Amino acid sequence: MQYGHFDDAAREYVITRPDTPRSWSNYLGSRLYGGIITQGAGGYSFYKSGGQGRVTRFRFNGVPQDEPGRFVYLRDDADGDFWSASWQPVGKPLRGRDSGGRDGDEEDAAGNPTQASSVRHGLGYSIFHSSYRGIDSEATYFIPQGQAFEYWSVKVTNTTAKPRTVSLFSYAELSNEWNYRQDLENLQYSQYVVVCRMQDGMIHRLNSTRTHTSELWFGMAGADVAGFDTDRDAFLGSYRTQSAPIAVERGYCSGSEATGDNACSTIQAKLELAPGETRQVIYMMGVGAPDASWEDADGVALPKGREIMAKYGTPEAVDRELDAIRSEWRDYLSPLQVATPDEQMNSMINVWHAYQTHMTFNWSRGVSLIEAGDRDGLGYRDTVQDMLAVIHAIPEAVRERLDMILTGQTEEGGAMPLVRPWAHRPGHETTPTLEQYRSDDPLWLPITVANFVYETGDVAYLDTVLPYADHGSATVFEHLKQAIQFSLNHLGYNGLVQGLQADWNDCLQFGTTGESMFSTFLMANGVRVIAELAEQTGREADAAWARSVLEGLEVVLENAWDGGWYIRGISSTGAKLGSDTLDEGKIYLEPNVWAAISGTVPEARAIGAMDSVYERLSTEHGVALCAPAHTKEVPGVGLSLLVFPPGHKENGGIFCHANAWTVVAEGILGRGDRAYEYYRAFLPAKYNDQAELHQVEPYVYSQFVHGPESPRFGQARNPWLTGTASWSYVGVTQYILGVRAELSGLRIDPCLPEGWNGYQVTRRFRGMDLTINVVNVDGLATGVSSVTIDGDEVASLDDEGKRGALVPVEALSDGAVLTVTMG
Ligand code: GLC
């Protein structure tokens, strides 16, 4: 079953049935002012922080779902019938859907008028189309580049042969307190801090709260103000819902002005529409005041709302600003575009997957319909991994984030689990206790720093001196070594890395006496990366140190082999997790993929481990994180995953973030069919015509899919902000399509499924835009026999027998066309 389709030329996903199984949402704006909007126009806006700067309200997990939002009601003033520009919140019978009619029928079987309603989610904007009883509307929502205001621009067309009078009513519920919890929960205070006035045609909401004064304006251009309400309850009426506000039902507002209780932003327009006539009404809402400039606590100054309305409240400005957003996103996405035989892969990589990696980088896990929205610090491990997919596109922004997150590392080498950038004071933070540390957090740094250096060629970055979170400072390279040293200083009885509060898996607590095989492989991987970095940058002593650490690990790694795969860890009481000897949690995904990725075990072991993953964990919807799922305690291990029923989340769910590693691992092993099979298994676009099963957006990755032991097997949950975005992008672009930055050039190392005769990647690398055409007449999985650049063969590809071709940076130039022949 389909609810929509990809429109790649427009870089949009078109929802043709807005009654999607769950909300299918989109992001708006920037880190100054942003928002979320669902396919029903639900969602919220915020200034700088979803938790601390909430501008409009949203009730999580409400019934009906996704309310409130940014609603525009339309009313036929001849007979009082009303509907909304988005299908919800009024929810008229959908044309040809829930009404017993056919597509195109303007009435359902019972003779009720039906609404045709569709949504175009684009990059940074959403457009809602509606047709109802001869009135068409198109509502476009977006936040212009670098601005702290939003547009709701509504075009209304009379498609009938008679004159029509249509009223429009805007509605958003405005937050009283910027702190979202205070606003929604501490009502004995937050309900008495708001004043909302109509001021010469513009709504002005003022709140003086304990922490600051916040102001908001709302205005309308393109029509006269026919009425207004700024008191929510006056607009909606008692005991009513947003599906039928009293003001809309009776056709006029009451001119209410909120003092205390709850504010809203309703301005009514009355449009007299001749046959065929279109009118455009532009609602605008922004931070600040109508008639005074405004400054936030950080000194950011915002102009008077009335000035913004005068400058931006025209159809031309709306078009110009929307074009600017579109071209901004084209620029963000253009550094990597592909044309492969897999259309769904193309749709994802070229548009939505890349967009998701940017959103995840921007918002971490903070701005969301799922993560409560007040989680606005940066989780250490999440942040370091989120950078991996955007280095090639926004290296400057990554550098800034990398600098900051490196200062979240403590002098002993561990890392603060959460860094709050606005409050972070490097050199002055409290050192976590050993029990509080996560064993994996700092171990992600070597991968990300190395990739940053490889992508940019900026080897000097490794010598940059940055403070530690608590005391002291060191070069970036020393920070990396210190991350390893921390693990080495906290090895367990069996020589594995102590698991501490958690490793990547938040739900496994091995503590200070138990050991994590995942973190051990992640450390081994980090040491290998450091060794390679050291060798290439003339740090011989460091390279020797790293090699000796790896040698010292050989026996430990071998001892962790369980017979068919690697164990997950060893408890404080000596019991193994992830062992065939157990009834539950026999095999875990994480240590086995990282055995292969780290390249620190014999190849036969890596293959054996990955074959066991395939046999024991793989399903048509992806790879389960462990099997069988847990129902019982394991002595000595904190299994907080027991709170989840089998097949949910970390307890045997298909955790998509870790699924991405299967693609990387098989890519490294050169098994193209399997890498591709894993890639396809959890590819969101694959579910476009199985949306009733997958349920969430087919255009973005989710945190997890219910696993085989769940009654919801195949249903995805927690879309958008997830480490899946970054790693699956790395997996497909670098390990299937095989284009990876190295210090001395670009490696092209395809690892393809059977039957692929070639593909194209256009890729920015160190300021050069390159076109890479891979030719594979024999349908091989791996191997490159020759590379030409603009027709000339590249002479030396010699690099110690590694797979693929390393094209030296000196041979590349802006606009160069590479032909890579497999063989
Ligand atoms: C969530 C967390 C992430 C963790 C993962 C596995 O996605 O954000 O930090 O690694 O769960 O537990």
- Query: Just one of 276, 255, 222 is out of contact with any Pro (no Cβ under 6 Å at 6 or more places or on another chain), of a type outside the set (Asp, Glu) and open to solvent by less than 40 Å² (accessible area, probe 1.4 Å); which is it?
  - Reply: 255
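Matching residues to (1) within 21 Å of the chain's Cα centre (by Cα); (2) under 20 Å from residue 355 (Cα atoms); (3) in a helix (DSSP H, G or I); (4) modelled with pLDDT of 95 or more:
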| residue | (1), (2), (3), (4) |
| --- | --- |
| 657 | yes, yes, yes, yes |
| 662 | yes, no, yes, yes |
| 673 | no, no, yes, yes |
| 688 | yes, yes, yes, yes |
| 692 | no, no, yes, yes |
| 700 | yes, yes, no, yes |
| 710 | no, no, no, yes |
| 717 | yes, yes, no, yes |
| 733 | yes, yes, yes, yes |
- Task: For residues that are among the hydrophobic types (A, V, I, L, M, F, W, C) and more than 24 Å from residue 568 (Cα to Cα), scanning just the stretch 468-515, find the one that is nearest to the ligand (Cβ to nearest atom).
- Result: 469
- Message: Kindly evaluate residue 712 against the criterion of being within 16 Å of the ligand (Cβ to nearest atom) and open to solvent by 10 Å² or more (accessible area, probe 1.4 Å).
- Response: no
- For residues in the stretch 290-322 being over 32 Å from the mean Cα position of the chain (by Cα) and small (Gly, Ala, Ser), which is least open to solvent (accessible area, probe 1.4 Å)? 292
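Per-residue answers, yes or no, for (1) crowded, with 22+ Cβ neighbours inside 10 Å; (2) in a loop (DSSP other than H, G, I, E, B):
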position: 59; (1), (2): no, yes
position: 78; (1), (2): no, yes
position: 83; (1), (2): yes, no
position: 88; (1), (2): yes, yes
position: 111; (1), (2): no, yes
position: 116; (1), (2): no, no
position: 119; (1), (2): yes, no
- Item | Residues of the stretch 61-76 that turn out to be surrounded by 22 or more Cβ atoms within 10 Å (Cβ to Cβ) and in a loop (DSSP other than H, G, I, E, B), as a count | 4
- Task: Output the residue which, of all residues in the stretch 619-661 that are small (Gly, Ala, Ser) and within 20 Å of residue 729 (Cα to Cα), is surrounded by the most Cβ atoms within 10 Å (Cβ to Cβ).
- Result: 624
- Message: Tell me yes or no: at least one residue of the stretch 551-564 is part of a strand (DSSP E or B) and either within 14 Å of residue 444 (Cβ to Cβ) or within 16 Å of the ligand (Cβ to nearest atom) (or both).
- Response: no
- Message: Can you tell me how many residues within the stretch 466-476 are more than 29 Å from the chain's Cα centre (by Cα) and part of a helix (DSSP H, G or I)?
- Response: 0
- Task: Output the number of residues of the stretch 503-520 satisfying the condition of being surrounded by fewer than 24 Cβ atoms within 10 Å (Cβ to Cβ) and either among the aliphatic types (A, V, I, L, M) or under 18 Å from residue 446 (Cβ atoms) (or both).
- Result: 0
- Being away from the ligand (no atom under 13 Å from the Cβ) and within 16 Å of residue 448 (Cβ to Cβ) is the filter; apply it to the stretch 521-531 and report the residue that is most open to solvent (accessible area, probe 1.4 Å). 528
- Task: With the checklist (1) open to solvent by 20 Å² or more (accessible area, probe 1.4 Å); (2) within 30 Å of residue 136 (Cα to Cα); (3) in contact (Cβ under 8 Å) with a residue 24 or more places away in the chain in hand, flag the one item residue 217 doesn't pass.
- Result: (1)
- Expected single match for open to solvent by 10 Å² or more (accessible area, probe 1.4 Å), in contact with a helix residue (DSSP H, G or I) (Cβ under 6 Å, 6 or more places away or on another chain) and either within 16 Å of the ligand (Cβ to nearest atom) or aromatic (Phe, Trp, Tyr) (or both) among 443, 388 is 388
- Item | Residue among 578, 638, 647 that alone is under 24 Å from the mean Cα position of the chain (by Cα) and within 16 Å of the ligand (Cβ to nearest atom) | 647
- Note on the structure: (1) of a type in the set (Val, Ile, Thr); (2) open to solvent by 10 Å² or more (accessible area, probe 1.4 Å); (3) touching a strand residue (DSSP E or B) at 6+ places or on another chain (Cβ under 9 Å) all hold for residue 581 apart from (3)
- Item | Unique residue being of a type in the set (S, T, N, Q), touching a strand residue (DSSP E or B) at 6+ places or on another chain (Cβ under 6 Å) and either away from the ligand (no atom under 14 Å from the Cβ) or without any contact (Cβ under 8 Å) to a residue 60 or more places away in the chain (or both) when the list is 383, 407 | 407
- Message: Cβ contacts < 6 Å: first residue assigned to a loop (DSSP other than H, G, I, E, B), restricted to the stretch 570-596; second residue aromatic (Phe, Trp, Tyr), any location; separation 6+ or different chain. Result?
- Response: 578/588
- Residue, farthest from the chain's Cα centre (by Cα), within the stretch 40-57, restricted to residues that are among the polar types (S, T, N, Q) and open to solvent by less than 10 Å² (accessible area, probe 1.4 Å): 56
- Query: Is it fair to say residue 747 is open to solvent by 10 Å² or more (accessible area, probe 1.4 Å), under 23 Å from residue 342 (Cβ atoms) and part of a strand (DSSP E or B)?
  - Reply: no
- Query: Applying the selection to the stretch 447-464, what residues are farther than 19 Å from residue 383 by Cβ, among the hydrophobic types (A, V, I, L, M, F, W, C) and either open to solvent by less than 50 Å² (accessible area, probe 1.4 Å) or not in a helix (DSSP H, G or I) (or both)?
  - Reply: 462
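The values are calculated or read from the model by the stated rules, or taken from the named source; none is laboratory data. Fair warning: this is a prediction, and the values are worked out from it, not measured in the lab. When we count neighbours, we look across all protein chains shown, and the Cβ atoms used for this are built from the backbone with ideal geometry, even at glycine. The area values use the complete protein model at the heavy-atom level, side chains included, leaving out ligands, DNA and RNA. Shrake-Rupley method; radii C 1.70, N 1.55, O 1.52, S 1.80 Å.
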